[in-house]
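Read the structure below first, then the notes.
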Amino acid sequence: MSENVSDGIEITRVFDAPRALVYRAWTTPEHFAAWYGGAAEIPLDRISLDVRPGGAWSLVMLVPGHGEMPFGGVYREVVEPERLVFTLKDASAPADVEGEIVTVTFTDHGDKTEMVFTQRGGNLTAEQYEQAKGGWAHFFDTLAGHLAER
């Protein structure tokens, strides 16, 4: 993983899986629900991914002790299987805020894939970015396990 900056997050991971599979893990509900949120449950009837520029995505995580946590946004760029850019917002974000901008790139390294994840927007404090970075790192550990099962 790489550094955290005060106005966002950048994480680089190499997965032991082909790029097409890693991309599908981000773009199909069954795959996405299996790793996003780590151990939190995401029922398939509570996730929607309209993976195209202008398409919306949403999901609800069921977190023990915290209840439902909705997330969502809009896809800005979709370049299969190389790049995704989308907005990310949770229920605590003000209605007039677009949310954070997430960019994920997937680089083919034969039977491995380098994924570079960035989250920017300046909507969070440095402490909140640090917490979010830890959350994403946990999600990506779960993603690595999910990909290993394939």
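Please find, within segment 51-87, the residue that is most open to solvent (accessible area, probe 1.4 Å) out of those that are in a loop (DSSP other than H, G, I, E, B) and at pLDDT 95 or above. Among them, the one singled out is 80.
Looking across segment 97-132 at every residue that is over 16 Å from the mean Cα position of the chain (by Cα), in a loop (DSSP other than H, G, I, E, B) and of a type in the set (Gly, Ala, Ser), the one that is farthest from residue 21 (Cα to Cα) is identified as 122. The combined condition, being outside any strand (DSSP E or B), within 13 Å of the chain's Cα centre (by Cα) and not hydroxyl-bearing (Ser, Thr, Tyr), is fulfilled by residue 34.
Could you say which residue among 96, 90, 108, 45 is touching a Pro at 6+ places or on another chain (Cβ under 8 Å), open to solvent by 30 Å² or more (accessible area, probe 1.4 Å) and farther than 20 Å from residue 134 by Cβ? Answer to the selection: 108. Residue 84 passes every criterion in (1) farther than 26 Å from residue 45 by Cα; (2) under 14 Å from the mean Cα position of the chain (by Cα); (3) of a type outside the set (S, T, N, Q) apart from (1).
The values are calculated or read from the model by the stated rules, or taken from the named source; none is laboratory data. Not measured: the values here are computed from a predicted model. Neighbour counts are summed over all protein chains in view; Cβ atoms, including those assigned to glycine, are modelled from backbone coordinates with ideal geometry. SASA here: full protein model, heavy atoms, side chains in, ligands and nucleic acids out. Shrake-Rupley method; radii C 1.70, N 1.55, O 1.52, S 1.80 Å.
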